[in-house]
1. Residues that are of a type in the set (A, V, I, L, M, F, W, C): which helices (runs of 4 or more DSSP H) entirely in region A:212-325 hold 1 or more of them?
2. Regarding B:THR289, is this residue at the interface with chain A (Cβ under 7 Å from one of its Cβ atoms) and over 24 Å from B:GLU364 (Cα atoms)?
3. Tell me, yes or no, whether region B:199-221 has at least one residue that is more than 7 Å from chain A (Cβ to nearest Cβ) and free of Cβ contacts under 8 Å to residues at least 60 places away in the same chain.
4. For region A:1-92, which strands (runs of 3 or more DSSP E) that fit wholly inside it have 2 or more residues that are more than 14 Å from chain B (Cβ to nearest Cβ) and surrounded by fewer than 17 Cβ atoms within 10 Å (Cβ to Cβ)?
5. Just the residues that are part of a loop (DSSP other than H, G, I, E, B), under 21 Å from B:GLY224 (Cβ atoms) and modelled with pLDDT of 95 or more, please, taken from region A:190-201.
6. Quick check on my filter: what residues within region A:401-444 are aromatic (Phe, Trp, Tyr) and within 26 Å of A:ALA167 (Cβ to Cβ)?
7. Can you name every residue in region A:163-188 that is outside any helix (DSSP H, G or I) and either within 13 Å of chain B (Cβ to nearest Cβ) or touching a Phe, Trp or Tyr at 6+ places or on another chain (Cβ under 6 Å) (or both)?
8. Just the residues that are within 18 Å of the chain's Cα centre (by Cα) and of a type in the set (D, E, K, R), please, taken from region A:167-197.
Protein chains: 2
Amino acid sequence: MSEKATQYAQQNGARFVDELKDLLRIPSVSTAPEHVEDVRKAAQFVADHLTAAGLQNVKLIETTTSERKGHPLVYADWLNAPGKPTVLCYGHYDVQPAEPLDEWKTPPFEPTERDGNIYARGAVDDKGQLWMHVKALESLLKADGTLPVNIKVIVEGEEEVGGEGIAAFVREHGDVLKADAALVSDTEMFAPELPTLCVGLRGMIYAELEVRGAMTDLHSGMYGGAAPNPFIALAQIIALMKRADGHIAIPGFYDNVEAPTKAELDAWRSLPFDEEHYRKTEVGSPALTGEEAFSVLERTWSRPTMDVHGMPGGFIGAGAKTVIPAKAVAKISFRLVPGMKPAETFEKYKKFVEENMPKGVTAEVRMIHFGEPIVVSTDNDYIHAAAAAMKDVWGKDTVYVRGGGSIPIVGDFVRELGIPTVMMGFGLPDDNLHAPNEKFHLPNFHRGIASIIRFFEKVGE
Amino acid sequence: MSEKATQYAQQNGARFVDELKDLLRIPSVSTAPEHVEDVRKAAQFVADHLTAAGLQNVKLIETTTSERKGHPLVYADWLNAPGKPTVLCYGHYDVQPAEPLDEWKTPPFEPTERDGNIYARGAVDDKGQLWMHVKALESLLKADGTLPVNIKVIVEGEEEVGGEGIAAFVREHGDVLKADAALVSDTEMFAPELPTLCVGLRGMIYAELEVRGAMTDLHSGMYGGAAPNPFIALAQIIALMKRADGHIAIPGFYDNVEAPTKAELDAWRSLPFDEEHYRKTEVGSPALTGEEAFSVLERTWSRPTMDVHGMPGGFIGAGAKTVIPAKAVAKISFRLVPGMKPAETFEKYKKFVEENMPKGVTAEVRMIHFGEPIVVSTDNDYIHAAAAAMKDVWGKDTVYVRGGGSIPIVGDFVRELGIPTVMMGFGLPDDNLHAPNEKFHLPNFHRGIASIIRFFEKVGE
C-alpha cells in the first residue's frame with residue numbers, strides 16, 4: 001500500500017479543491033452553441049492538468065467531421081508498468097445547462113463552499129468526480145514516481161448531449177483505448193457512507209415531437225373553435241401515450257424488457273431505503289407516481305419510463321397573449337432497460353404518434369440522442385478489486401446497485417472494447433444532478449481520491 | 001354632405017399614413033414590463049395628435065391605483081354641437097407582443113409598405129383603425145371648422161391585457177364618458193370590399209394553470225418512474241378537459257349558452273363563405289377542428305372554446321436536457337358566448353382541475369384577465385346610420401356579423417353606460433392579427449376615414 005500517495009493527497013487536498021473550482025468556473029455547457037469556446041477551454045484545462053500530473057501523450061482529439069460539429073476528447077496515458085493490467089479512466093468535462101438560474105442560491109459558475117459541500121453546475125456531474133481520477137493519478141506519480149498499473153485516460157465533452165463523438169471514436173479507433181477494464185466515476189453512493197458500485201444503467205432515447213397546425217400563428221378569438229391547437233394536440237397524444245397509472249401505452253413498448261434476477265431483487269430489498277423518507281426528502285411531491293406493481297427502486301432502475309422535459313412554442317412571457325401557435329414541440333425522453341433497443345423503441349414511438357395524431361395537425365418525431373441500457377456482471381476481478389478498495393477506505397461492505405440514468409459510453413466500452421466497466425461513484429442522492437444547486441460533498445471528494453488510489457493498487461497487486 | 005372634409009382626407013392621405021407609421025414605430029406592448037415607457041409614449045403621441053386635430057380637453061388619465069399598475073387612458077372631447085347626439089369614439093394604442101420575431105418578413109416595429117398594405121405590429125389592431133378616428137375628426141374640423149355631432153374620445157392602453165383600467169374608469173366615472181352611442185373600429189370586414197358591422201363579440205377568461213410536482217428540478221434518469229412530471233400531468237388534465245371531438249368536458253360548461261336566432265343563422269348562411277377556401281387560405285392546416293355539429297361561423301362566433309397558448313417551464317433550449325421540472329404552466333383561455341358569465345365559467349374550470357388532477361401534483365388556477373360576451377341589437381338609429389354611411393362609401397349593402405374575439409370594454413359600454421356600440425371595422429380576414437406580419441390594407445384605411453366622416457354626418461343629420 002502506498003501510504004505516500006494517500007498522504008500526498010491529504011496534504012494537497014486544499015489545492016485540489018481550488019483547482020476544481022477553476023474548472024467549475026468554466027461554463028462548459030455542451031448543448032449550448034454560445035458556450036462552444038467554453039467547452040474547449042474546459043478540455044484544455046483538463047489536458048494541462050493531466051500533463052502537470054505526469055501523464056504522457058496528452059492531447060485533444062477533435063470529433064468534428066463533415067457531418068457534425070463536436071467537442072474535443074482529451075486523451076492521456078502512462079504505459080510504463082509492463083505486465084500489469086491497463087485501466088481506462090473515463091470522465092466528462094461538459095455539464096448540463098444551469099437553467100432555471102433564479103433557483104440557484106449562489107451562481108452556478110461561481111463555485112461556493114457551504115456546509116462541507118461545493119456548489120456549482122458540474123460539481124458532481126462530472127467535473128468533481130473526473131477530478132478525483134486526475135488527482136489520484138497525480139498523487140501516485142508525485143509520491144511514488146510511478147503507477148501500479150498502466151493507465152489510459154479519455155475525457156469527453158458531449159456526455160450531456162448523447163456522446164456521439166466518443167462513440168464514433170470508440171467504433172473507429174477502439175484499439176487506441178484498448179484496456180483490461182474501464183473506471184467510470186459518474187454515479188452516486190446509495191446512501192451517505194455506504195460504498196457503492198453501480199452495475200447497471202438505463203439507456204434512453206430523447207426525441208422531440210413537433211406538431212404543426214395552422215400555417216401561421218392565429219388569433220384565438222377569430223379562429224378558436226375552427227383552427228387546430230398544437231398544444232392541445234400534444235396534450236392529447238401525451239395523455240394517450242402515458243396513462244395516469246404510469247403505464248406507457250405504446251404497443252410493444254415493454255416487449256423485450258428483461259427483469260432483474262431474483263438475487264438482484266433480494267439485494268435491493270435489503271438496501272437501506274425508506275420510500276416515505278425518499279418521497280419527503282428527495283422528491284418532495286405529495287405522492288410518488290409510476291407503476292404500482294413495482295417498488296421505487298425497480299421503477300427507477302429496471303423499468304422503462306417516459307418523461308416530458310419542456311414544451312417550447314407559443315407564448316411563454318408574463319401575462320396574456322391570445323395566440324393559437326402554428327407549431328409546438330414536446331421534448332420527450334424514454335428511459336430504456338436491458339432487453340430494449342433504442343432504435344426499435346423509437347420506431348414504436350413514432351408509429352404510435354403517426355397512428356394517434358389528432359385531427360388537423362401533422363407531427364414530426366426527431367431523435368436528439370440515445371444510449372443503450374447495460375448490465376455489468378459482478379463476477380470479475382476488477383469489480384472485486386473496486387469493492388475491496390472501497391471497503392478499505394470506507395470501512396463497510398460495498399453494495400451493488402443500478403442507476404436510473406444513462407452513461408452512453410459505458411455500453412460502448414462493454415460492446416466495442418469487450419471490457420468490464422467499474423462504476424465507482426461518490427455522489428450522494430441529494431446532490432441535485434441536472435438541477436439548481438448541484439453540489440459535491442467534499443469529504444466524498446477526498447475519500448474518493450483515496451478509494452481510487454487503493455483501486456489502482458489492488459488491480460496492480 | 002361635407003365634400004370638403006372628404007377632400008381634405010384625400011389630399012392629406014399620405015401624411016396620415018406617415019403619422020401612423022410614427023405611431024407604429026413605438027413598441028407599446030402592454031403585457032411587457034420592459035415596454036412600460038413605450039406604452040406611455042404611444043399614449044402621449046395620440047394625445048398630441050388629438051390636440052393638433054382640434055379636439056379639446058385632451059388629457060392622459062392615469063389608471064395606476066394602490067392595487068395595480070396601469071397604462072394611461074387618453075381622453076379628448078369636442079362638445080360644441082348643442083342639440084346634436086354625442087358619439088364616444090373608442091380605440092386602443094397598445095399592441096400584442098410581436099414574438100416570434102423570426103417569422104416577420106420585416107421587423108414588427110419598422111412599418112413597411114408592400115402591395116398596398118402597411119406591415120407592423122398594431123397596423124390593424126388597433127393603431128391603424130384608431131388613427132382613422134383621429135384623422136376623420138381632423139378632416140371635419142380642419143375642412144369645416146366644426147363637427148356635425150358632439151364627440152368624446154377615449155383611447156386605452158390595456159386592451160390586449162384585459163382592459164382593467166378602463167373598466168374601472170367606466171364603473172367609477174361613467175358620467176365623464178356619457179354619450180348616445182359608442183363607435184369602435186377594432187373589427188374586420190367579412191370579405192374584401194364588403195361593408196360589415198359587427199354586432200356580437202365573444203367574451204373570454206384567460207387563466208393560467210400551474211402544476212407543481214417535486215420540490216426541485218430532478219434528473220429524469222435518477223427519478224424517472226417515481227417522480228411526478230408536471231408536463232405529463234398538464235397533458236392529462238388538458239386532454240380530459242378538451243376532447244378530441246372539440247367538446248369541452250367541464251361539467252356545466254355549456255349550461256347557459258344562448259344560441260343565435262334563426263334570423264341571424266339564416267343571415268350567416270347567406271354570407272360569402274367557403275369552408276375549404278377558409279381552411280386553405282386563412283388557416284392552412286390539414287383539416288379544421290371543433291364541434292362537428294356546428295358550422296365554422298357558429299364555432300368561431302357563437303360557440304365557446306378552449307385554447308392553450310403556451311406552456312412555460314422545464315427546458316426549452318436547443319438540444320436535450322433530461323430534467324423533470326418542479327413545475328410547469330399552461331396558459332389557457334376560454335372564449336365565452338352570450339349567456340355565459342366569466343366568473344362562473346372560471347369556477348367550473350377550477351373545480352374540474354381540482355377534481356381531476358393526476359396523482360403526485362398540486363395545481364393552482366390563476367385568472368389573468370376576462371371579458372364578458374355581448375350582442376348588440378341591430379334595431380337602433382346608430383347602427384342604421386353606420387350601415388347607410390358604409391353603403392354610401394363602399395357601394396354595397398352592409399352585412400351584420402359577429403366577431404370571435406373580445407373587446408372587453410364594449411360589454412361595459414352596453415352595461416354601464418347603457419349605450420349602443422357601433423363596431424365598424426375595416427380590417428381584412430388575412431390581416432394576421434396577433435400574429436407575425438400583421439398588416440392593414442391601405443385602401444381600407446382611406447375608405448374607413450371616409451366612412452367614419454359619413455357616419456358622423458348621418459348621426460348629426
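1. Of the helices (runs of 4 or more DSSP H) lying wholly inside region A:212-325, those with at least 1 residues that are of a type in the set (A, V, I, L, M, F, W, C) span A:220-223, A:230-241, A:262-269, A:296-301.
2. yes
3. Within region B:199-221 (the criterion being more than 7 Å from chain A (Cβ to nearest Cβ) and free of Cβ contacts under 8 Å to residues at least 60 places away in the same chain), the answer is no, since none of the residues qualifies.
4. Correct list: A:56-61.
5. none
6. The answer is A:PHE413, A:PHE426.
7. Of everything in region A:163-188, those that are outside any helix (DSSP H, G or I) and either within 13 Å of chain B (Cβ to nearest Cβ) or touching a Phe, Trp or Tyr at 6+ places or on another chain (Cβ under 6 Å) (or both) turn out to be A:GLY163, A:ALA181, A:ALA182, A:VAL184, A:ASP186, A:THR187, A:GLU188.
8. A:ASP186, A:GLU188
The values are calculated or read from the model by the stated rules, or taken from the named source; none is laboratory data. The shown structure was predicted, so the numbers you read here are calculated from the model rather than taken from an experiment. Neighbour counts are summed over all protein chains in view; Cβ atoms, including those assigned to glycine, are modelled from backbone coordinates with ideal geometry.
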